[in-house]
Every structure is written in C-alpha cells, then in structure tokens.
C-alpha cells in the first residue's frame, strides 16, 4: 500500500459516476417507474373516492392485498440493514461493496411499507389519529393493540435506518462536495455537515456506527416480530401461534436477502461496477440466502407440523385450505421458495453468476410474496363463525404493482444523489486488505478489526 | 505498508514452539494412575456417584418407584438437560468452525469431547423408554388429549439423538487424526502408547491429499453436526413439551430448546475450558480474548432465548384462551421463584452481566455467569413439564427427593468422568489447530500502530 | 484569540505521513495542535493524533433510560390520563407497556447517540478552517498549529524531509 492517491481517485471516479452523470438509461428507468407509480397513485385516489370496497376484501377476509403488501415490503426492508449490521458485527471484510446499496434498499422499502397501513384504512384521511397528541376527539391511540405497536415499531425502524444510512453517507457527501459545483455543491455541503476527514471525526463515526450496528439489530428483529404479532396476538386459528414472530422475521430476512441479490445484480449492471461487486459477493450473499432459506423452512414446517399434530379441527383449517383451494399458492411457494434455491444455490458456478443469482432473488421474492398470501388469506377465510374467500380486484393488483413502481422510483431517484457503493468503506478495505504470496499461491490477508464494544 | 512477508516463514519453529508442543504434553508425559491429588479424588467421587445413581435407578427405582411418576420425571429431565447441553457444546464448536472464528482453535477439542457423553446416553436410553410409560399416566387422566399421540415418537427420538452424537463422535475422531499422528511420531517407539496411537492414526502422514480429504470431511461433518443437532433438539422439544402441554401446543418449543441447548453448551464450554486449563496446567489455553468472544456470543444467545420465551408467554397472555393461559400462568404463579430463577439465569445474568467488559473477560466472571445459565436451563426443564402434571398429582410427588437428586448428581458425574477419561487419550487442545492458528496470524506494523494480520480462511470445504 | 499559523502537509502514502505525525508528537506539540485528515479511517493507533474523550456509550445508556420513561409514559401514563374503560380489560397492562417502552428506548437511544456523535465530531477553532479538496482524492493531511514562526518552519522542514507532496501554510487568527 504505497501511493494511495491514484487508487482513491479511481475509486472516486468510478463510484461517483452514477451521481455526477445522468445517462439515458437512468431517465428511462425513472420515467418507467414514475409511470407505474402514477398508475398506482391513481388507483389509490380511485379507492379514496369510491371507498374501500373497491378492494376484494369482504368478511371474514378483512385483510387482503394491502396487508400482504405491507408485510412483504416490511420484510424486504429488513435485510438491507441486516446484511449491513450483521456483517459489520462479524467483521466480514467483503461487506464493503454492498452495504450502501442494501441500506438504501431498506430505506426505500420501508417508505413503501409504511404507506400500506394508511392505504388499508377504511378512512385513510384520518390516519393521523394514530399520532399521540392531545386532542378533543375523546379518543386516544390504544397502545394495547398490536396495530399501535406496529405503527410505533415502523416509525422507530424508519428513524433508525435513516440515521444508520445517513451516518455512513457523511464522508461520501464530503467527497461529492469537493467534486461538484453549483447547486450540487451547495446541497452536498449542507449534507456533509462540514466533514473534513479528521481522525477525531473518524473515531466518532466509528463509535456511533458501532453503537448503531449493535442496537439496530434488535430494532429490526422487533419490527417484524411486531408485524408477526399483528396476527399472532389474535385468536384466529392458524394465526394464534407462538412461532409467528420468529417465523415472520425469518421470512422477512429470506425475502430481503433475495432482494439484495436482485439489487446487487441490477446496480452492478446499470453502473458498470464489475470491479467492485465481484462474483465472491454474490457467492457470499447466496450462502446467506441458503442458510436463511433453510431456517425459514424450519419455522414454516414447525408451524404446519404443530397445527397438524394437534388434530384440533380449528387449528387445522388453514392447512385444509392450503391443500385445497389454495393449492396453487402452496405449489408456487414450494417451487420458487424451496426447489429453485435448492437446485441452484449448492453450486458455486451458479452462486458466482450475477444473472443466475438475479433469477434466484426474483424467485425467492415471488415465493415470499406468495407466502404472505398463505399467511393472510386461508386463516382469515375460515375463522370461528364465518367462511369466506378472497379474490383480489384490479385495484388490489394495481396497488401492488404501484408499490413496486414506488420502490423503483425512489431507488432510482436516490441513486442520483448518493453513491450506491460506499467510497470510504471501500477505500478502508484497500488499506486493511492485501494479498501475500505463500509458496506458490496468492493468499488474501486482512487486518483483524477491533471488536465492537 | 502491511508487513506480509513473514507468513509461513518457519513452520517448524511454530510446530516445535512451546505453545504447540504443550498441547501434547498431558498425554506424552502422562504418569501412571496416581492414587492421590485432586484429579484422582475427582475421578473417584464421580465414579461413586455414577455407581450410586445406577444402583438407585435400577435396583431401587424400578421395584419401589413404579407408581411414582415424579421419580421418573425428575430422572428424565435430568438426563435431557445433560443431553441438551452436551449436544450444545458440540454444536457450538461446529458453528465456530463454520464461521471461521479465529479464536476457536483452543476450544474446539474441549467442546467436541462432550459428544462422548453420548455413550452414557445410549446406556440410559432403555431406561428412558420404560420411564416414559411411567409418566404417561400423568397426562392421560381428566383430559381428552393423550400425552403422546404418536406411538412412533420414541423411534424419532432415538434416531435424532443418536445421529447427533454419532456426528459428534465422527467430527471428534476425524479432527484428532493429525494429533494422533503427531503422538505416534513423538512417543517412544514400540511403547504401548505409541502402538495404540499408531493404530488410531490410520497411517496419517500429513500428505497434501490427506489434508485435503480431512478438510473436506471436516466441512461435511460440520454441516452434519449442525443439522443433526437441530433435528435432535427439535424432536426433543416437540416430543416432550409439545405433547405434554394440554391445549397449548406451542409451536415455539423446538427452536426454543435448540437455542437453550446452544446457550447451555456455550456456558459449559466456558466452564470446561477453564477447568481444563487449570487441570492440564495450560494457562494460555483460554485467554481474555476467548472469554470476551464467548461472552459476546452468550449475549446474543441469551437475547434469542428470551425472545422465544417472551413470544410463547405473550401469545398465550394476549389470546387469553382459558386453557392455554391457565397453563402459562401456572408456570409463573405456582412457581414464582423458579420462574424468576429461570429468567434471571438464562437472560438477565448472561445478557446484562456480559455487557460489562471487566466481567466478560475474566474467568471468574464468565464462569459465574455460565453457572447461572446452567441453573436457569435446568429449572426451565422443570417448569416446562411440571405445571402440566401438577393438577393431576400432589405436588409432593413432583418435588425432588434425595433419590432424584442423586440421579442428577450421577449424571453430572458421568459428564465429568467423560472428560477425565478422554483427557488421557485425546490432546485437550488440537495440536494441528494451534499450529494452524499461529501460522495464520502475525503482528505487523502499520503506520504508527501495530495490527494483527490474518490469512483469510477459505470456505471450510475448500482446501 | 489565537494568532498562529497552520501548516498542512499532504502525503501520498501512509508511512511518511505516520512518520511525520510521530516526529511532531515526539516534539511534544500537544495533541490539540495536531490534526490528521484522510479520506478513509485507519485501524486504531495507526495514524491518531486526537486524544479527546468520547461519551457516546454513556449518552446511549442515559438516552435509553429516558426512552424507557417516555415509553412508559406514553403507553401507561396517557392511558391513565385519558382513561377509556374496555369491558373487563385493564386500563394499564404490563406487556404492551413493556413493548412500547422498549421501542421508545431504542428510538431515543439511537437518536441521542447520533446527535451526540455529531456534536463530538465538531472541529473547533483552527481545526475547523483546515481544508483541502485533495484529501478527498486520497491524500493524507497532517496539520499542525504553530504559535511561532520557528515552529512553523520546523514543521515545514519535517514535512519536506519526508517527501510531502505539498506543504501549505495558512496564517491568521483562529476564532
């Protein structure tokens, strides 16, 4: 590690290119997602005007596409911070190229998820009644309800993820400040908070990063735990399970890890980051997907097994639905969520192929979206007193597609303002990693990182 | 610049260094059996306890305690406790191998030896089969659900537990082969010991092909150990607690018991490693770095344990279905002190105690925390089964008697005896693991500081 | 008011920068008169001048406790303040209060430590004025505050002897 400036300059040039240059592809993406978002927004306005019965929800299925979307997007939001925080905690050196894009994934997915509790309200315009401020309505948020725990947890996770994301961005904003002029320079000067890169600042940044890393893990676990408790705290057979909380967390991590694979592939291709996002990154994230997939299956099977084992007719109804009218959902889940990862992930050649991993990521997300359908619909369809069914309407489907549009729109927009690979973390990696010749081989070495705490 | 020029400079210096050589010393200079000293008396005491427990169970228990389910219940949960923590130790060792933890080398052998407790378990398993019948009556009366619905669960139990121990034995043996080879080469030729190690070293020569095969086998076995461990704890969790809890078939018992087993295994690893370093006079065996990392791992597992326990409690409390809540509530209201001991032992002490660096990095601190964890886990076994049975039986039948305490002591003696015997044949620290660790890390100067530089470990199945 | 001179040496590589810093530290310049600037963090002790104490951990604990109090106040306190009786259910119940208290604990702790870190990161006085955009391009800057001309000349000599890529001076008072 001699002259650091040339390497630094190359890193700065490569990783800020996406921010400083706007290509036609970027505009096409932006317009495409914007259009999809506009369609979804229009459908939401349609729902505002015509009422909530434009959705397919009818008794007893009072939760349908909006809640499925909420659970799905909250799940996707989990993995970004998980990858970043847990890999930091475990001192995994290969994390540096992907932490920023996964943290951005979290922020965008969480903004999408946070809209759905509002979307699924009967009177969306009074959503602010959830905010605990003194009022003359004679009502107060009921903190004994899991739905309020949900609102609180989402808010806490949103604030935490934004702080976690932003604290890592400050040094990169400083680099952008120094490389831009005009309104960009003003913007980045403001965002960089007078960052100089002094050892004092770096020490504090590492300190706060360590504390945020350790503390954000229980926050994201508690978020999806509480989402699981939306169902687990009820007495609806099939929902009233003690395993729902960890089961939901695992499902969230599974779908989120799949989304990370998708984002890695697309960002690498879009911004030509082949030098920074290497096959080994796909390999390692794929192993994480495989591990979490097995864990998720363990919880899913445990849940199904314990309901079957009771032989209690009320507990078993959702399984009857699952193997009956919702067989298509089970087959989709089994194929995309179990079979596809099982036949691809054990093979290194496929694990290190970005496009194969894109396919696996998409497959996992299809499966996990279906899994949310399996969790919500069959149980609600057959509760204590009423039997029913749920068929999504065009509004349901449009809102779902609109959510993907919103996510794409936000991610594309943010990619114009922030580098999707962390400049300073990558440069730090260049300092602490090296290659040594041992015998006839080149072996990577790394400096042991200081323990957190 | 990073000084990277000195890796593998002098492998023979590393292998011949005192630190590495000391790992074999306990076997090489092992004197004949001495009839004095702490180790001798410990062995004697454990042997007496084991024999006494055996006599109590087989010669007094069967004739005299046929109709006392409490006796069998306590004996059963004592055995299951030791089963879970020993399997947990092996699983912890496997997880550290999988994660390439650079600090694992001192602890792997100490944890892997716990799999040898399986020999005792197989000896006791027949008693388990019979004992279940004795406990069966507790749940069958006054309720429509039988205690064990499926007749074949005993088979699943045996298969799962057996597979987990078998995987542990294989991992222990495989990873000891290079050490046996070193002992074969260092012991006086044609001595009985050397002959013994020559046989079990299986013509190990340290050839590149042999190392490659060993690494691959280690990788496969690590997965096998983890999967079989999870299956074993899952089956135990489902089989006993799921069935014995009337109307509250909590789906979280399997992962709860898996995590509890890991937590117990971690605690016991800390205790055993500390005891071994003193007994084998290897003060550098376990350093503050190991305690620090074990403590951090314990914080994580303690939090997960509490998380699962809290999910179980909250789901019953919030649902407020009378039969379910009655059972959950019974655990706390009928046995408030025990419930507090369980939560304090398994959550408060390991999580909050380990947050203080001074406690976490000291042997006394971490060992004290480990003892609290083990007590908490033992109480958990009691609390998860007794409230189910309590309404059907007088409480006096479910309070431990002198006989059941003796049984627990006997099982504890079995565990200690396992290590005392194993230490005579297995090096307590992996000789080749130590060599590997020392050769893969060295100090380098960078700028004005000094840093530890490590070779990155390839994935466990790649050489 | 401090009338002094800031001398900034820019280096392309780590070793000469570290040597320069060490030389200045051995001359007992005082850590408050030294500043290291870089585009990436280095492992502890490699290139460190600042010795200020950090209170991040303490603030985290204090904010966490405040958060617990806030959470209990929100879930239990407001329920007692604005009582709504619901058929047989308690007005204040333990587990939901615990959950809200936990969430508020995390929120206040994380927010508190973040803002405390921003506060502690602030560079004051002469340090706040030192800036060179070439730091962002990978150069390592060692800045020293000199109260006399001879100190400044000495610092410049140290930097030049260690083949600094550039040595600049910034005279004037620091407020």
Let me confirm one metric for peptide A:84-95, namely the mean number of other chain beta-carbon atoms within 10 Å of its residues' beta-carbons. 1
Before anything else, pin down the relative contact order of chain A: Cα pairs under 8 Å, at least 6 apart, normalised by residue count, whole percent. 30
Here FRET efficiency (C-beta to C-beta, residue B:173 to residue B:52, R₀ 22 Å, nearest 0.05) is 0.10
Between residue B:189 and residue A:53, how many nm apart are label points set 7 Å from Cα along the C-beta direction? 9.8
Measure off 7 Å from each Cα along the Cα-to-Cβ vector at residue C:84 and residue B:59, then give the distance between these two points in nanometres to one decimal. 7.1
Whole Å is fine, so just give me how far the alpha carbon centre of the range A:8-54 lies from that of the range A:160-198. 23
Once you have the Cα-Cα distance between residue A:118 and residue A:343, take 0.36 nm times their residue separation minus that, and quote the gain in nm to one decimal. 77.0 nm
Could you line up A:273, B:289 from fewest to most neighbouring Cβ atoms inside 10 Å? B:289, A:273
Can you give the Rg to Rh ratio of chain C, both from alpha-carbon atoms, with Rh computed by the Kirkwood formula? 1.28
At R0 = 30 Å, how high is the FRET efficiency between residue A:404 and residue A:147 if r is their beta carbon distance? Nearest 0.05 is fine. 0.75
Kindly state, to the nearest 0.05, the FRET efficiency for residue A:20 paired with residue A:430, given R0 = 22 Å and r defined as their beta-carbon distance. 0.55
Based on the mean of other Cβ atoms within 10 Å per residue, sort peptides A:426-436, B:297-307 so the most packed one is first. B:297-307, A:426-436
How many angstrom lie between the Cα centre of the range B:155-215 and the Cα centre of the range C:11-46? 52
So for A:379, A:201, C:44, fewest C-beta neighbours within 10 Å to most, what's the order? C:44, A:379, A:201
If you rank A:84, B:439, A:25 by fewest surrounding Cβ atoms within 10 Å, what's the result? A:25, B:439, A:84
Paired Rg and Dmax values of chain A, which use every Cα atom, in angstrom: 23.1, 79
Using Cα springs under 10 Å in a Gaussian network model of chain C, which residue among C:98, C:13, C:163 shows the largest mean-square fluctuation? C:98
Which whole number gives the average count of other chain Cβ atoms within 10 Å of the Cβ atoms across peptide C:42-55? 6
Roughly how large, in nm² to one decimal, is the mean projection of the convex hull of the alpha-carbon atoms in the protein assembly as shown? 47.2
Going by average Cβ neighbours within 10 Å, how do the peptides B:290-296, B:14-20 rank, with the highest at the top? B:290-296, B:14-20
Counting partner chain Cβ atoms within 10 Å of every residue's Cβ in A:166-178, what's the average? 3
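Values in this text are rule-based calculations from the coordinates and carry no lab data. The model shown is predicted, which means the values in this text are computed figures rather than measured ones. Positions of Cβ are generated from backbone atoms using ideal geometry, with glycine treated the same way; all protein chains shown enter the neighbour counts.
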